[in-house]
Every structure is written in C-alpha cells, then in structure tokens.
Amino acid sequence: MHNRNIVIDTITKIEGNAGLKVVIEDETVKDLQFIIADYRRFFTTAVRGRRLIAVPSFLSRICGTCSVAHLFASLMAIESAQGIAVTEQTKALRRLAYDGLMIRDHALHLYFFVLPDILGIDSILDITDDPDDFAHTLLHDSFDIKRLGTDITNATVGAAIHAPWPTVGGFLRNPEPRKFPDLIERLEAIRPQVLRGIDTFFEWDTSLVRNTDYLALRNDTRFDFLEGDVVNSNGKRIARSEFKNYLQYVQIPHSHAEGYRFSDTQEDYLVGALARVNLNGELLHPRTREDVAPALSAFPSNNVYHNNLAQAIEILQCVDDAIDVLRIIQLADEQPVRASARAGTGVGLIEAPRGLLYHMAKVNEQGIIEDYDVVVPTAQNQINIENDLKDYFNENLDKDEETLRVNAESIIRAYDPCMSCATNFLKIDWIRR
Amino acid sequence: MATDLFLRYPQVVAPFYDGRHFTLRREALVHQRRADPYPSAPLFPERCILNSERMRHSGCSRPVGTKSPLGECCARLSCCTVQADRGDSALRGWLAQVFSVAYRENILYSLPPDRMAMEQSPHQASCNDQPKRLVVGWFSFTCCEDSTILFTELLNDHLDKWKKVIEFRHIKALKTNNSLTGLDVAFVEGAISSESQAKEAQHIRENAQYVVAIGACACTGQPSTIRNQFASEQINQRIQWYLSHFDYAKEVKRLNEVIHVDDMVRGCPMKVPSFLQTLKKYLELFAIDQHA
C-alpha cells in the first residue's frame, strides 16, 4: 500500500486564490479537492434594496478582469426586467467594447499565465531581453495586443475596468468617433502578431482528453458573445430565461464557490472558449476562418488544453469583428432609453471570457431590486476541473511529484479560472455531496 | 559575547543574506531575548536590516555614523547601517555590534545554498555585480483584483525598464517561485476578511520595509466591507453556512486596521498616476539608479 497526499497551497498565474488537495491511496485518487479560496463578498445580497440604476456599476466590481462582462450582463438583466429595448447603436457599441475586453482578457491569460508553461519557465519575468529570442517576440506581441484591446474598450465605454459610460438603456456619454480610424489601422496591423500566437498555441503538443458536455451561447447569424440561446453538445437549445432552471446547484464543502451540474444530462459540463469554438466554430468571421483553417481543424475537441487555442482564435475573431463594427458604425447623439419603473424579472445571459455568465434581476414597481442572482463561469467549471484532474492523476501516478504538480497547475490554468468571480454568489437548490 | 551568541544559537540568529543585506528575523530576536544574552535590549523591531556593502567598505574597524538609504542612523560601535524601525537606539547599537562581530569573525554570512534556494527565486537571485534593484512584493486579499489587472496592463509599457530596477520577488499573478524575504516594498490590494488573512498581512508587514495599500478595498474597505452593513435578517441560512464553515471574521477590515500602512494608492481601480508616483518615490528612497 502506498498512500500519499499532494497539496498545492496556492495555484499561481490565475486570477484569485485557489488550491488543490489530492489524497492517494493504493495508487488511486481517493479524494481530490480543487479549493477556491477567495472569501465571498455577498454582492448579490448587498444589492437588494438598492435602486436599479446603481446596480450594474456596483456589480462590475465583482471582477477586475471581466468587469465589462458583469456590467453588461447586469444592464441586460435590468433592461429586460424593465421592458427596455436598447438602440442598434447601443448594441453595436457594446459589441465593440466586448471585442476589446476579449482581446485584452484572453491575451493576459494566454501570454502572461500560460506562455511560461509552453516555454518551460516560471514566469514572463524570466524571458530574456534578446529581441531575437522568440519568447521575447511573443511577449512583446502580447503587450501590443493587450494595449489595443484596452484602448478599444477605453474608447468605447470610458475605461476597460469599471467602465463609467454604459447605463441602463444606453450610454451616459457617446464615444468620440475621431478615435476609430486609428483603431482600425492598429487592428489590421496586429493580425500577423495574433496569428503568430495562434500558431504557438496550436503547436503546443500537450493534451488531456475527457468526454464532457459543452454549453455556449449561440446566435445563428454570427459568432456572438452577447445575444443568442444556450446550446449544448447534444443540440439541446434553451432560451436565456430558462437557463437557470437547467442548472443543479452543488454545494462543495471545501470551496468558497458553488458548483453546478446540467440537469438535462446530469453530467458535468464545460463553458468557455473551448465550448464556444466547439459549438459555434462555423460561425467565426470569414477572415478568421480563412486564416486559421489548420488550427480550426482541431475542433471540435475534447482536449482541455485546446481552451487556450480556442481563446487565441477568439482574439482574431474579435479583431476582425471590431474592424467590421468600426467601419460601419455611424454615431448619432443618442440619449439612454428610459422607462417608468415597473415590477418585473429579467435575465442577462452572455458569454464572459471564461464562459456563460448569468445575471437575474427582480425589480419592484418602485425600481428597487428585490432579488438578484448571478452564476459565473468558473463556478460552472469547478466540477469539470475536479473530474479532469482526477483522470489526470489516476493515469499519471507513476510520474514524480513535481511533474504532477506542474501539470495539475497547467490543467487548471487552461480553464482560465477566475476566483474573484466565483466567490460572490449564493445559489439555491442545495444538494450535498 | 556576540560571537558566543551566534555560536550558541546559530539556527535562530542566522541572518538571511541576499547578497547585499542581512535580514534578522523577528522570531530570532524573540528567541534571543528569551535566551537572555543581552537583557538590556529593550524592544524588538519588526525587522532589522544591515547593509553589508557598507560593512565591507568601512572595514569593520571603527565606529562610523552612516546614513542609510532609509534615513536611519546608527553610530554606536558599528561600521554598518542598521534599520530597526521599532527599536530604540540601544537596540540598534546592539544589533550593529552583533553583526559587526559576525562579519569580522567570518561567520553566519549567508544561509546554506539549499536554504537560499528556498528563500529566493532562482530566477531572481541577487548578484553582487548587479546594481541594487527595488525588491517588491505584490499581494491580493479580498477584492476584485482590478488593480492587479491594471498593473499587468502597466507592464505593457513599463516591464522592460522595470525589470532593470525592480526585482519582483513575490507576485503570484505572474510567477510560481515566490519569496517573502527581504522585501523593500509590499503593495497590498484588498480588504481583510478573516483571521488567517490578517496573519498573512502581518507576515507581509514583518518582511517588508514599507507597505503600500493599493486600491479602494485596501485603503477604505469598500466595497468589500459591504457585508459589515448587513442587517441580521440578511444573514440567511446560506450566508451563515459560509460564515461558519470557513474562518470568516465578524467584520471585514481595511488594511490599516490590521497592519501599519506607509502609503496609500487610492482608486477603484488604483489611480495610475498615483501608483507611478509612489513607485518613483520608493525607487528614489532606496537610491535605485533609474537609468540603469
């Protein structure tokens, strides 16, 4: 009998705090705990009793890296509850800001967190200053890509983090169109650098394959992060207002964040870029599809490391989509669409960088929030992450402990988990494991 | 006597040597006091740092008054710079004596190589032939980590030059091999939600000469302290389960309610000009050549 414990107190190069504990008995994984260790702030409780107009900006503070996603999901939930239909201009500007968010957020994850795994180094801080070093080139590509994503979001919504211009019904202030031509030029110029990154992640020969279900938003007309219904691998289609009814909440005793199962299949499932490209790959922008055809041939994929490749492809998708939006948009001097407060419940369901993000707002006739609910991607992926890791450890227990640690961290990192998001909510329907 | 002290308690008084500075641990001082070789030592500092470069230059043969980069001065029985920020001059003098003897006797200069490897990232180890860099740690507690994200954005424009003047010794967002030892400045983001977080913050304080609170949650507590205002009826069964199942403190606190904070960079997220100004201040304070 050979018993041992493997403990990683702190998983690094992710957003937030998480750990891993593995109990091995008789060379079998007896117990594995992926521990989300960020403390909860109970924001969904805190917004009850607040006026609806103040809520989206407050809830953008759920997460520093995808604050725009929480802001938009909250705006859409409240607008739905109030029966507010925003203008096409507002939709286009949100789409543009979201392209910027995805470009910056994915690039941060891929180049700052994952690239060191590919290079076999600890950190981007260890990359040399030699301009002829390919790692140096990739790192500086990431600076350009991230900067461009941030600049797009800044120009569209006022700031890439906790954006001040979007409000219920539209925008408090319209962007300045004089900034758009320069952005188009930079977007065109960045494509070769983005393609270099896609090649790098495509050529990274590593895999962890496990059959799982995938869930993503689908708009049949284009690759869309903000509009559509939820679909899964079996072709099940769910309206956004019904999505929450399909989730089974799972309380996880060792984690500050909840987990979920998809009740239609009673199985774990994955959300995020891998799910999106698996389910919607044929809807990618024509330029993107043409230029990344070899990498796209890897999809649909059950290799969790391909979540990284899918993110790299989505960067190009967002570059090409942003060029389209910037070329056609004609800004009018619009005011936000307002309506008298009414009682109602609304859902905002969008694709955050890490996957499906659900906001539900219940508002009373005075415009006060009576109930609020949020389901974030990392919480949805939590059970899937644990099951992937169990498979990995059971199949690789002959490897030395350091290899196991490094690979376990890189599997977790492939999901791009965000603990800040994962620890702000409380859900219903308790099922004790 | 000092030599004897080191010989008797090498495991606890062994200072950490990073190539330029000796750092004597607080635990070591507490142990020393209990061991009572110097009962007159009045107060124990949070940290004591001896500038070994100046020790070498002065030859350890005569007392000199040396102004340290931090403005502390020690002129008693010493040829080295001592910074002991909560001790009085007698303690600083005593420490200076201890370390000057340690230096002269050629003992206890550095940790064994394997211990050094644990204390320092192999990628970040200091070298004597390199100019001094500001040793920085970046930490996050309860918050949305917006300032960390903003910091990674600043790296787009600043990383190349910051690598020349800053050693990022602890930054979990960017590296796995982290060390808390011998930090010049710790930048701390987030509010404190639990006793374990408070202890971690105190540990950071003990290992850093200066602590800078970063962003609204660290500086003001808001919005992470929002649960402090919950009425009892808002603490429903589900919230109560989390509060009791994990080590949540009764109240969330801003950083300076838990540890002493030297500077604040406010904003949600942090204001970039304020952060850059603060960083510049510490680069100058530690006499870092910013044109290196």
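Backbone amide hydrogens, once placed in the peptide plane, bring B:Val135 within less than 5 Å of B:Glu167, B:Asp184, B:Val185, excluding anything fewer than 5 places away on its chain. Please report how far the C-alpha centroid of region A:85-148 lies from that of region B:196-210, rounded to the nearest whole angstrom. Region A:85-148 and region B:196-210 have Cα centres spaced 32 Å from each other. In order along region B:158-171, phi translates into HN-Hα couplings of 10, 4, 4, 7, 5, 4, 7, 10, 10, 9, 7, 7, 9, 7 Hz, rounded to whole numbers, per the Karplus curve 6.51 cos²θ - 1.76 cosθ + 1.60 with θ = phi - 60° and x for Gly and Pro.
Only aspartates and glutamates eight or more places from B:Lys163 in sequence, or on another chain, were considered; those with a Cα closer than 14 Å are A:Asp126, A:Asp129, A:Asp130, B:Asp289.
Work out the P(r) tail for region B:121-285: percent of alpha carbon pairs separated by more than 20 Å, whole number.
On the way: 7110 of 13530 pairs.
Value for region B:121-285 (Cα pairs over 20 Å): 53 percent.
For a quick check: sort B:Met270, A:Met76, B:Met264 by the number of other beta carbons within 10 angstrom, fewest at the front.
Final ranking by Cβ density, sparse to dense: B:Met264, A:Met76, B:Met270.
When both bridge partners sit in region A:43-422, DSSP labels roughly 95% of those beta bridges antiparallel. Footprinting exposure proxy ranking of B:Ser196, A:Ser142, fewest other C-beta atoms within 10 angstrom first, gives B:Ser196, A:Ser142.
Run the numbers on chain A and let me know its relative contact order in percent, using alpha-carbon pairs under 8 Å that are six or more apart. Over chain A, the number comes to 26 percent.
State the three equivalent ellipsoid semi-axes of region A:43-422, derived from the C-alpha gyration tensor as the square roots of 5 times its eigenvalues, in descending order and whole Å.
Working: eigenvalues 210, 142, 65 Å².
For region A:43-422, the semi-axes come out at 32, 27, 18 Å.
Using θ = phi - 60° in the Karplus curve 6.51 cos²θ - 1.76 cosθ + 1.60, the 3J(HN,Hα) couplings for region A:374-381 round to 9, 10, 10, x, 4, 5, 5, 7 Hz; x is entered for Gly and Pro. Within the listed set A:Gly49, A:Gly100, A:Gly281, the residue fluctuating most in the Gaussian network model of chain A (springs between alpha-carbon atoms under 10 angstrom) is A:Gly49.
Please list A:240-247, A:320-327, A:148-155 highest first by mean number of surrounding beta-carbon atoms within 10 Å per residue.
Numbers: A:240-247: 16.9, A:320-327: 20.4, A:148-155: 23.5.
Order by mean packing, descending: A:148-155, A:320-327, A:240-247.
Using the structure shown, select from B:Lys164/B:Lys250; A:Lys399/B:Lys175; A:Lys21/B:Lys271; A:Lys179/A:Lys244 the pairs with a Cα to Cα distance greater than 32 angstrom. Intermediate results must be reported in sequence, preceding the final value.
Values: B:Lys164/B:Lys250 43 Å; A:Lys399/B:Lys175 23 Å; A:Lys21/B:Lys271 38 Å; A:Lys179/A:Lys244 40 Å.
The pairs that break the limit, which is 32 Å between Cα atoms, are B:Lys164/B:Lys250; A:Lys21/B:Lys271; A:Lys179/A:Lys244.
Region A:378-405 and region A:281-359 have Cα centres lying 30 Å from one another. Normalised by 2.2 N^0.38 Å, where N counts its residues, the alpha-carbon radius of gyration of region A:21-149 equals 1.50.
Amide hydrogen proximity for B:Val252: with H placed 1.01 Å from N in the peptide plane, the residues at 5 or more positions away or on another chain lying under 5 Å are B:Asn228. Here's how it looks for A:Leu247: its modeled amide H is under 5 Å from those of A:Ser263, which are all 5 or more places away or on a different chain. Among B:Asp262, B:Asp184, A:Asp400, sorting on how many other beta-carbon atoms sit within 10 Å of each Cβ, with the fewest leading, yields A:Asp400, B:Asp262, B:Asp184. The relative contact order of region B:161-283 comes to 29 percent, based on Cα pairs under 8 Å that sit 6 or more residues apart.
Read-outs throughout are calculated quantities, based only on the coordinates presented, and are distinct from any laboratory measurement. Keep in mind that what you see is a predicted model, and the values were worked out from it rather than measured. Quick reminder, even Gly has a Cβ in these numbers, built from the backbone with ideal geometry, and neighbours come from all protein chains shown.
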